[in-house]
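A short write-up of the structure that comes next.
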Amino acid sequence: MKQIIEKAGDFDLAVVVGDITNFGPDEQVDELAEMFDKPLLAIPGNCDQRTILEALENSKAVNLHGKAEQIGKIRFIGIGGSNPTPFNTPFELSEEEIENALEGMVCSAENSGECGTIVLLTHAPPLGARDELPFGHVGSKSIQKFLDRVDLIVCGHIHEAKGMEKVGKTIVVNPGEACKGACALIEIEENGKKPIEVELVEV
């Protein structure tokens, strides 16, 4: 992480899209958050224990799970965990829970004059984008419904699907595994007039 932070140089904000731990311990949240001297937005992944939410709330990071945060004219909306997997991991949500959590927040952002850009932070990818495994697509059907409604989705979960693609107006980015030195540098102009720029980086 220290090498990633050095490589990023001068940045305004960091986001972490889940699997902060490998099934625990929750105390690793503090270890991660203390590395940053800039604001940090974070959501849990399916391999984090549900108790990590309390650890996030008590850390210097902003827990964005099921919440929205406005920074300038950019609205950040978060949902952690993943859609159901065959592995019964600690933090899984039903598709209905995911959609119910996101719909109101996205709708509010769409109808707000305060939002130049809407950014969705999800651990699971949307179905059909950055979600392919050798046996098929495993992304969330609920998150898929927000493609072409939000400007950017930053997701993780599927380690093999690192990269970026555009679906309608939405850029979908899977930065890869930070523990292997991967990250994405994303430039967003507040007024939304300049295209979002994404650079995938490895250290």
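The values are calculated or read from the model by the stated rules, or taken from the named source; none is laboratory data. A quick note: this is a predicted structure, and the numbers were derived from the prediction, not measured. For neighbour counting, all protein chains shown are included, and Cβ atoms are generated from backbone atoms with ideal geometry for every residue, glycine included. SASA here: full protein model, heavy atoms, side chains in, ligands and nucleic acids out. Shrake-Rupley method; radii C 1.70, N 1.55, O 1.52, S 1.80 Å.
In the stretch 67-129, which trypsin sites (Lys or Arg not before Pro) fall in coil by DSSP and have 16 or fewer other Cβ atoms within 10 Å?
Those satisfying the criteria are Lys67, Lys73.
Roll a 1.4 angstrom probe over the protein heavy atoms and tell me the percent of accessible area of the stretch 1-202 that is carbon or sulfur.
48
Taking the alpha carbon gyration tensor of the stretch 17-110, what are the square roots of 5 times its eigenvalues, largest first, to the nearest whole Å?
21, 20, 8
Among Asn22, Ile186, Leu53, which residue has its Cα positioned farthest towards the positive end of the charge dipole of the chain, with +1 placed on the Cβ of Lys and Arg, -1 on the Cβ of Asp and Glu, and the dipole taken about the Cα centre?
Ile186
Cut-off 10 angstrom, C-alpha nodes, Gaussian network model of the chain. Which of Val150, Val167, Val16 fluctuates the most?
Maximum among the listed residues: Val167.
Would you please name the chymotrypsin sites (Phe, Trp or Tyr not before Pro) within the stretch 12-101 that are DSSP coil residues with at most 12 other C-beta atoms within 10 Å of their C-beta?
For chymotrypsin sites (Phe, Trp or Tyr not before Pro) across the stretch 12-101 that sit outside H, G, I, E and B with at most 12 neighbouring Cβ atoms in 10 Å, the list reads Phe23, Phe87.
What whole-number value in Å² describes the accessible area per residue of the chain for a 1.4 Å probe?
Heavy-atom SASA per residue in the chain reads 49 Å².
Could you name the lysines whose alpha carbon sits less than 18 Å from that of Lys7, not counting residues in the same chain fewer than 8 places away?
Lys38, Lys180
Nearest 5 is fine: what % of DSSP beta bridges in the chain come out antiparallel, could you say?
About 45 percent, rounded to the nearest 5.
Extending each Cα 7 Å along its Cβ direction at Glu96 and Asn111, get the distance between those two points in nm, one decimal.
For the pair Glu96/Asn111, the computed spacing is 2.4 nm.
Report the full-extension gain for the segment Glu187 to Glu165: residue separation times 0.36 nm, less the Cα-Cα distance, to one decimal in nm.
6.4 nm
Could you give the nm distance between label points at Glu202 and Asp148, where each point is 7 Å from its Cα heading toward the beta carbon?
Using points 7 Å along Cα→Cβ, the separation is 3.4 nm.
Where the centre of each part is set by its Cα atoms, how far does the stretch 45-89 sit from the stretch 103-153, in angstrom?
If we compute the Cα centre of each part, the gap is 15 Å.
Going out from 0 in 5 Å bins, what whole percent of all Cα-Cα distances in the stretch 69-165 drops into each bin?
3, 13, 26, 24, 17, 11, 5, 2, 0
Stokes-Einstein diffusion coefficient for the chain at 20 °C in a medium of 1.002 mPa s, Rh from the Kirkwood formula over Cα pairs: what value in µm²/s?
The Stokes-Einstein estimate is 128 µm²/s.
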